[in-house]
Amino acid sequence: MIAPLIAALLPFLLPAGATPQVAVTITSPPAGYAAFGQVSVAVEVKAAEPVRRVVFFVDDRQVGSVSAPPFKIVASLGDENVEHRFRVVATTASGVTGEATLLTPRIAVDQEVRFDLQQLYVSARENGQRVTDLKREDFKVIDGGEDQEITAFARGDIPFAAVVLVDSSISMQGEPLTAALAGAQAFLGGMRPLDEVKLIVYCDHTITATPFTSVPEVLEASLGSVTAHGGTALADHLYLGLKLLEQRQGRRVVVLLSDGVDSHSALSVSEVLFKARQSQALIYWIRLEDPKQVVEGEEELPPLFSAWHDKVWYRETVRTLRGAVQESGGTITKVHQPSEIGPAFRGILEELREQYVLGYYPRDLRHDGSWRKVKVKVERSGVRLLAREGYLDF
Amino acid sequence: MVSASSRPLAVRAAATIVLCLLAAVHAGRAQEPAKAPTAAQPAALSPTPAAPQVVIHTRRRLGVPARAAALLLSGQQGGPLGVSALAVPVALAASGVRLFFVVDVDGSSLLAGVEGPVLPVEIAVYAVNPQGGVGGSVTEAFTLDVDRAAEYLVGGGIKFLGTLDLPPARYALRVLVRNEKTGRFGVIEVPGALPTGEEPFAFLSAPLVAEPASAWLLAREAGTEGAAAEVHPLSFLGEATVPSTAPVLPGGTVTRLWVVGRGLAPGSTNVSVRVLDIGGRELAKIPAAVVVRREAPVANATALRIEFPLPAFAPGQYTLEVSTPSMNPDIPLWGSTRFLMAEKSAAGGSQVWVRFALPASQEQGVRPAVAFVGKAGRVKASPKIVATYTSTLRALPTDPAAAQAAVAELEAASLPTGKVAEWETLVLSETEAANTVAAVRPDAVLALVLLHSDLQRSYSLRKSYLLEAHARRMIEELAVLYAEKDKSPQAKIMAANALANLGGSLQQPGTMVTSERMFRRALELDPDNPAALIAVAATMERIGQYKRALTLLEPLVKAHPENSEARLRLAINVARVFSDRRSHDLLQVCTGPTNPEWVRAVAYQELASSLIQAERFEQAEGLLRAGLTAVPGDEGLTMQLAYVLDRERRPLEAQALAKDVGGGKGVDVSPRFRYSEWPSEDLARAREALKTSKATADQALAAALGAAGKAAGGAK
């Protein structure tokens, strides 16, 4: 009521010839940086009168509008390496507009990239505690039986791209699923600005899959309406996660929350093992375990009756999955109570923050798809290392 | 009492083994006359027969395999078999102590993973001293007939009662139960202090809560007629108590139990009870009243019957701890047991099969056995119930809802306590009325089958478990009666449909064995019944019995070639057993457009899977693309195609496919999950056939009752 009144009176209040100013500044995304995927677009608007509306355009396409501060939206840009033009138009109560534009560049591909650079992500522990003071010269990498020169070394908070796979089959009903979603939320909440996560909630089919994003709210929004039902297509979704990570740069991580009992996948775990080796992603498995399971030697025998598989198959599947995790340099965290799920997620996040990255150029690559074994050693006694055990030489 | 045997007790413990089977709520056949125990004499159990036999073969064994021995003598407890136990000293002398022990084995966990018709079980009870020496042990192995025993094991279990004579020492009693075929085991240590033979000592046993008195069934091993009766080790309590190691107690009621103690404060009536949660936190402390004191066979020991109001907590597992002061006022005595809190309204009805064996003789392998009578007497039909039931049936053709309500009321009134005798009386009465109807119009019995089917559904929804079990029994009895009396092929088909319908309603944990039994009974009446054939085949598949599944699916597909689901299951199981071309051909037929979409999807996935395993990726790609044309958007086919493209080194095409997956495109269940569910389409057809027959059956019933009424009037 008041805004239109002011708008009507404004021309009579200002000096003749003066026009109310509306200053619009795009504060996000930052200028000069390429933009991909889900991007937060934020603006500051300074005006002498209330702002009625702010409309956002990306590449001349309206992507959203806001009528009250904070003037911010999330826009989906896709994954292509292209320029993007952001334009924001703010309109005041009296109809005066102001706008701002921003052009984000594409990444220039004008340098030679050595695709045969191998990067190893290594965790180090001593007496159960993480070791964070190792130096480049402490490490030794043996690839294909030969010592390798470590040409790149880093430690600490290296950004990652992760797929978090949450099992929401009927066996997760009740407290386990609640704890799983809470744990996933804790993981998402621990993301840093350059981390990217894709969340997939699945049972015998995909229930929900978010895009890769660094905006936790986008991920958390998909957790709201999940209920436990159906079977478990673990192998299918592990394959899916590994496949979707292919296009992400840098450190690639799969976090799998499941009891390891695959009952409805079209792919087998051994087929997924091929993909795991090919992708070189770190696989972390938070394994829900029934404390009553029999342990005979190293084999777990889940007490199941299934139309699809028998005990032998299940035993093999668990063994293969365990091997895939170990080969990738990841870990298996066994939990027996739902209350242990959250700490398990946090533990993985902490480990990711404390890893070393060793880069080297392997010698004598054959590019024949064969498996090349890799071993990482450290001079200091008592230190235990966890790293990828090899890779497919394509 | 401990016998002054010349046999060295340290070397060999004499044992009396009592074997019980704890049954699910389903009555056996009528009991034969029995002599009920009286309070004036020890609870001697007199021989009787009559219950259906669960074939039990026993064999004595000296010792256990090395691995089992390691488990027994380690400190480990656990394992996938649910086992609980208690022990009570029942005799004491300078030469040692006699311990009476009870071991309960959870039936469902015992059955898990069992394949084949027999279930070999081994139980070992060892008394181990702190030095690791074995003071005494008993090992028994026996084999159960799965087909007969499984029904009682699911939801029930096996109970072992026995005694060990031990030389003076302090012991821990360790119990190992093993499924000899699968190797699954449960090992526990009996909690609480065991008495030594050394003086002085004080103890209080675990609370002894009798199994519900509502039902005892009998078993007799062939050739044991005339064997002498065995005196129950706990007969000094004045009743043939068979205690439970993990009793089910209804909250909000007065609970009664026995404890046996020695070294109690003289004349003490100061007994209190604590209820603890699973973490040991005290939830309630209640004073208990001592209502009976009796001398126990252990010198200077007393048996106390106590009662107290058990508070109502949420159903679940708790610990009940009984304590009382000892002669040393600073040292209280306590005994505890875990228990399950049930809702107050939960009906009783567990049935206990009891088989006692005389003390082991010197001769190897000789195990004479006696069987015992429970509390049932001869059962007859009740004329009153017959008349009332028949009267309510008159309304069935015209007002089925009223008739159903009236029968429900009659049945509830006829089972006030749920005892076996009441139940058998009701069954006999309703069956007698049905026989009268069948004598006039055999086809009318179908109406009664349908009535009890509706009642079964109603009771199930209301969670009236006892009445629901009765309804199941009546459906089975009446369906068989209908088929026998009517004799027409159509009657057999309808009777089989009714049994299959019942089997379908029981396809859930806890009633699976009864479900399968209904399907098999249906096949006895109608060997070609599709609902029963595919249901039993699906059961066989679930337990890895693929060859047996084939024996059911082959005739089904032959008789009903239009049955897509049956063909799909046949194809998949042929591949499992034979891995031959025939499976491929069957699957190809399943991809045809006349098949339901989920059948087509699974068929394409299975065909693709075999090509992928053979690394024939190009062929797999063609097949998968055809599959996605037939079943657009199927996730399983999409995943497989993406994988194949990856293997063909076309990662970008695979990536494009992977990006499209997900988001819940209106899929409730995947085709593979649909396959793993119980088959439902044939059952639906069976139900529809029954529904269509109802009107005709009701008319037949009206005619039968009218004719029967006239005949009764004429007779008068």
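Note on region B:569-614: residues that are hydroxyl-bearing (Ser, Thr, Tyr) and away from chain A (no Cβ under 14 Å) amount to 4.
Does region A:189-209 contain at least one residue that is on the phi > 0 side of the Ramachandran plot and touching a residue at least 60 places away in the same chain (Cβ under 8 Å)?
We begin by selecting, within region A:189-209, every residue on the phi > 0 side of the Ramachandran plot; these are none.
Checked region A:189-209: no residue is on the phi > 0 side of the Ramachandran plot and touching a residue at least 60 places away in the same chain (Cβ under 8 Å).
Looking across region A:258-286 at every residue that is at pLDDT below 90, more than 8 Å from chain B (Cβ to nearest Cβ) and assigned to a loop (DSSP other than H, G, I, E, B), the one that is farthest from A:Ile170 (Cα to Cα) is identified as A:Gln280. Among the residues making up region B:479-512, those that are part of a helix (DSSP H, G or I), touching a residue at least 12 places away in the same chain (Cβ under 8 Å) and surrounded by fewer than 24 Cβ atoms within 10 Å (Cβ to Cβ) are B:Val480, B:Leu481, B:Lys485, B:Asp486, B:Ala491, B:Lys492, B:Ile493, B:Gly504, B:Ser505, B:Met512. Checked against (1) within 14 Å of chain A (Cβ to nearest Cβ); (2) more than 18 Å from A:Val269 (Cα to Cα); (3) among the acidic types (Asp, Glu), B:Asp682 passes all but condition (1).
Hand me the list of strands (runs of 3 or more DSSP E) wholly inside region B:274-327 holding 2 or more residues that are within 21 Å of B:Thr245 (Cα to Cα) and among the charged types (D, E, K, R). It would help to see each step written out before you state the result.
Working: elements: B:282-295, B:301-310, B:316-325.
Here the list reads B:301-310.
Taken over region A:21-35, the criterion of being crowded, with 19+ Cβ neighbours inside 10 Å and hydrophobic (A, V, I, L, M, F, W, C) is satisfied by A:Val22, A:Val24, A:Ile26, A:Ala35. Given the criteria assigned to a helix (DSSP H, G or I), more than 9 Å from every other protein chain (Cβ to nearest Cβ), surrounded by fewer than 24 Cβ atoms within 10 Å (Cβ to Cβ) and of a type in the set (Gly, Ala, Ser), does B:Ala656 qualify? So B:Ala656 fits the description; yes.
Residues that are surrounded by 14 or more Cβ atoms within 10 Å (Cβ to Cβ), in contact (Cβ under 8 Å) with a residue 24 or more places away in the chain and over 20 Å from B:Met341 (Cβ atoms) within region B:283-299 comprise B:Arg294, B:Ala296, B:Pro297, B:Val298, listed in sequence order. Among the residues of region A:194-232, those that are at the interface with chain B (Cβ under 7 Å from one of its Cβ atoms) and in a loop (DSSP other than H, G, I, E, B) comprise A:Asp204, A:His205, A:Gly230, A:Gly231.
Number of residues in region B:635-653 that are crowded, with 24+ Cβ neighbours inside 10 Å, within 8 Å of another protein chain (Cβ to nearest Cβ) and farther than 19 Å from A:Thr206 by Cα: the value is 1.
For region B:311-352: of the residues being modelled with pLDDT of 65 or more and among the charged types (D, E, K, R), which is surrounded by the fewest Cβ atoms within 10 Å (Cβ to Cβ)? Spell out how you get there, then give the answer.
As a first pass, look at region B:311-352 and keep what is modelled with pLDDT of 65 or more: B:311-342.
After this cut, where a residue has to be among the charged types (D, E, K, R) as well, the list is B:321, B:330, B:338.
Working: B:Glu321: 20, B:Asp330: 6, B:Arg338: 16.
So the residue we want is B:Asp330.
In this structure, A:Glu289 does not satisfy being within 14 Å of chain B (Cβ to nearest Cβ), within 16 Å of A:Leu392 (Cβ to Cβ) and not polar (S, T, N, Q). Checked against (1) closer than 30 Å to A:Pro216 by Cβ; (2) of a type in the set (A, V, I, L, M); (3) modelled with pLDDT of 90 or more, A:Val63 meets all criteria but (3).
Pairs are defined by a Cβ separation below 6 Å, a sequence spacing of at least 6 or placement on different chains, a first member in region B:593-617 that is on the phi > 0 side of the Ramachandran plot, and a second member that is in a helix (DSSP H, G or I); no pair meets this definition. Of all residue pairs spaced 6 or more apart or on separate chains, none has beta-carbon atoms under 9 Å together with a first member in region A:29-47 that is in the same structural domain as A:Val218 (by TED's automatic domain parsing) and a second member that is of a type in the set (A, V, I, L, M). In region A:244-257, the qualifying residues are those that are surrounded by fewer than 21 Cβ atoms within 10 Å (Cβ to Cβ) and more than 14 Å from chain B (Cβ to nearest Cβ), and the one that is modelled with the highest pLDDT is A:Arg251.
Condition check ((1) in a helix (DSSP H, G or I); (2) modelled with pLDDT under 85; (3) over 27 Å from A:Gly231 (Cα atoms)) across all residues:
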{"residue": "B:Val669", "(1), (2), (3)": "no, no, no"}
{"residue": "B:Phe673", "(1), (2), (3)": "yes, no, no"}
{"residue": "B:Asp682", "(1), (2), (3)": "yes, no, no"}
{"residue": "B:Ala686", "(1), (2), (3)": "yes, no, yes"}
{"residue": "B:Ala689", "(1), (2), (3)": "yes, no, yes"}
{"residue": "B:Thr692", "(1), (2), (3)": "yes, no, yes"}
{"residue": "B:Gln699", "(1), (2), (3)": "yes, no, yes"}
{"residue": "B:Leu705", "(1), (2), (3)": "yes, no, yes"}
{"residue": "B:Ala711", "(1), (2), (3)": "yes, yes, yes"}
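For (1) under 26 Å from A:Gly190 (Cα atoms); (2) at pLDDT below 85; (3) crowded, with 18+ Cβ neighbours inside 10 Å, each residue gets a yes or a no:
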| position | (1), (2), (3) |
| --- | --- |
| A:Arg315 | no, yes, no |
| A:Gly323 | no, no, no |
| A:Gly329 | yes, no, yes |
| A:Ile332 | yes, no, no |
| A:Val335 | yes, no, yes |
| A:Gly347 | yes, no, no |
| A:Glu350 | yes, no, no |
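A single member of B:Leu455, B:Leu446, B:Leu461 is modelled with pLDDT of 95 or more and within 23 Å of the chain's Cα centre (by Cα), and it is B:Leu455.
When region B:234-262 is filtered for residues that are of a type in the set (Ser, Thr, Tyr) and modelled with pLDDT under 75, the ones remaining, listed by number, are B:Ser235, B:Thr241. Condition (residue is within 12 Å of chain A (Cβ to nearest Cβ) and on the phi > 0 side of the Ramachandran plot) applied to region B:665-676: is it met by at least one residue? For region B:665-676, residues within 12 Å of chain A (Cβ to nearest Cβ) and on the phi > 0 side of the Ramachandran plot: present.
Residues that are of a type outside the set (A, V, I, L, M, F, W, C) and at positive phi occur at least once in region B:528-550. Scanning region B:599-645 for residues that are acidic (Asp, Glu), under 18 Å from B:Gly662 (Cα atoms) and not in a helix (DSSP H, G or I) yields a total of 1. Scanning region B:614-634 for residues that are of a type in the set (Ser, Thr, Tyr) and surrounded by fewer than 17 Cβ atoms within 10 Å (Cβ to Cβ) turns up at least one hit.
The values are calculated or read from the model by the stated rules, or taken from the named source; none is laboratory data. What you see is a predicted model; the values in this text were computed from it and never measured. Positions of Cβ are backbone-derived with ideal geometry, glycine not excepted, and every protein chain shown enters the neighbour counts.
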